[in-house]
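This report concerns only the one structure given below.
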Amino acid sequence: MLADLCSGTAGGKASCIMKSKVKAPGHSTIRPADIQRDIRRDIRRALLGWYDQHRRSLPWRAKAGKRADPYRVWLSEIMLQQTTVATVGPYFGDFMARWPTVEALAAADLDQVLVAWQGLGYYARARNLHKCAGVVASLHGGVFPDSEAALRSLPGIGEYTAAAIAAIAFDQAAVPVDGNIERVTARLCAITTPLPAGKALIKAAATSFADAHRPGDFAQAMMDLGSGVCTPRAPKCPDCPLQKLCLAHAAGDPEKLPVRPAKLKRPERCTQMFWLENARGEVLLRKRPARGLLGGMTELPSTPWRAGDWPDADEISGAEPLSVAWTLLPGEVQHVFTHFRLTMRLVQGRCRKGANVDGFWVHPDDFAEHALPTVIKKAMGLILQAEA
Ligand code: SF4
């Protein structure tokens, strides 16, 4: 009960279950760190007991009591960044079927990996995945290191992913804080400091809960609770094993936590893309530069993706892959990136055999063999609409 949480303090206020060691700016009435030992014990017991009954069965997760395969944990954690479990499931199965070991993935061609990654987005992750597999295979004998520090030295593995692999695959006392754990912890402790400033408080609180004997299970239990019970909207508090220990529930409005900063409007950019067909019905494609947004992916030629008005005639003619009779197709499509929203128009043109252009020709029947990101597929959809 709340009164138990606040034992030794006056008034039973939510702000009294912790004593501060972390300084945080902002609004929080809670000052995390050093949560009372008996409360930490109660949280661990309640959560692990619930997990033993209700753990999710996931393709990358080991059976109860078994040690997880670090390769599967790493692959799933990279795929799950910015993506849901439901989306990742088929991709994970496909990757494991094609490349069942880290050595097999390291030996794969990067283009094959990018093609298999299509639809998961954030393609830098796929490039780093391939690079990381190469490092593990060549420098670590195909064995993932088991410490957070060594994991962090690998390509594409940041603070969260290193902690998740260390805890889940190696049962190290590491504390990954993903969106689910962040939400559960913020509510459990009623941390009201807005993100991102509140992240340090949440990490300190989550660290103080972590179970020294079952760190991997504890992290996964927090993830499962956040995914299925302590949901962003309408948390199922009556089903929650932590209900009696939860300050946000006691305060009556857990949905408000964690406090997120107001969303900024995404800047707008626009581009005109070129669908150029040759006499064999092949379409001109090109590769994007290896580094940067959608690095190494395949695309249609286009004007620069820029802010402001639609490109003028000079800009368009400067970007045209060939001077032919272009037809602007009806409609526009949009794609939302993390930092901007792109609106696209498509022009169609035809050229004779042997035209000298910068790029390569691919028949639409063979598009699946190329790493075409979703944004380009959306633009290509305007052709289908026009031909329908
Ligand atoms: S009691 Fe409700 S708000 Fe608190 S952790 Fe459980 S589901 Fe989340």
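Only the coordinates and a few stated rules stand behind these numbers; no lab work does. All of these numbers come straight from a predicted model, not from anything done at the bench. Cβ: placed from backbone, ideal geometry, glycine included. Neighbour counts: every protein chain shown.
Observations, loosely collected:
- Footprinting exposure proxy for Thr207, Thr374, Thr338 (fewest neighbouring C-beta atoms within 10 Å first): Thr338, Thr374, Thr207
- Report summary: the helix-based calculation at 222 nm, which adds -39500 (n - 2.57) for every DSSP H run with n ≥ 4 and divides by the residues of the chain, gives -12000 deg cm²/dmol.
- Fully extending the segment from His54 to Glu332, taken as 0.36 nm per residue of separation minus the present Cα-Cα distance, adds 95.5 nm.
- Radius 15 Å from Cβ of Ser147, net charge of other residues (Lys, Arg +1; Asp, Glu -1): -3
- Of Lys131/Lys203; Lys66/Lys236; Lys203/Lys236; Lys199/Lys265; Lys131/Lys287, those spanning more than 25 Å from alpha-carbon to alpha-carbon: Lys131/Lys203; Lys66/Lys236
- Listed by Cβ neighbour count within 10 Å, with the fewest neighbours leading, Leu372, Leu285 appear as Leu285, Leu372.
- Label separation (Val362 vs Ala234): 4.2 nm, computed from points 7 Å beyond Cα along the C-beta direction.
- Rounded to the nearest whole Hz, the Karplus-based 3J(HN,Hα) values (6.51 cos²θ - 1.76 cosθ + 1.60, θ = phi - 60°) of segment 77-92 follow the sequence 5, 5, 5, 6, 5, 6, 9, 8, 4, 4, 5, 5, x, x, 5, 4, with x at glycine and proline.
- For the chain, DSSP calls about 60 percent of its internal beta bridges antiparallel.
- The calculated FRET efficiency for the pair Arg45 and Lys263, based on their C-beta separation and a Förster distance of 35 Å, comes to about 0.40.
- Efficiency of FRET between Glu387 and Thr83 - r from beta-carbon atoms, R0 35 angstrom, step 0.05: 0.65
- Ala319-Ala307 pseudo-label distance in nm [points 7 Å out on the Cα-to-Cβ vector]: 1.7
- For the chain, the longest site-free run once trypsin sites (Lys or Arg not before Pro) in DSSP loop states with at most 10 other Cβ atoms within 10 Å are removed: 67-232
- Based on Cα atoms of the chain, Rg over Rh with Rh as the Kirkwood radius reads 1.07.
- Loop chymotrypsin sites (Phe, Trp or Tyr not before Pro), segment 106-196 (other Cβ atoms within 10 Å of the site Cβ: 11 or fewer; DSSP): none
- Computed from backbone phi with θ = phi - 60° and the Karplus coefficients 6.51, -1.76 and 1.60, the 3J(HN,Hα) list for segment 195-212 is 6, x, 4, x, 4, 5, 5, 5, 4, 5, 5, 4, 5, 6, 7, 3, 8, 6 Hz; x is used for glycine and proline.
- Segment 140-155-segment 350-372 distance, computed between alpha-carbon centres (Å): 41
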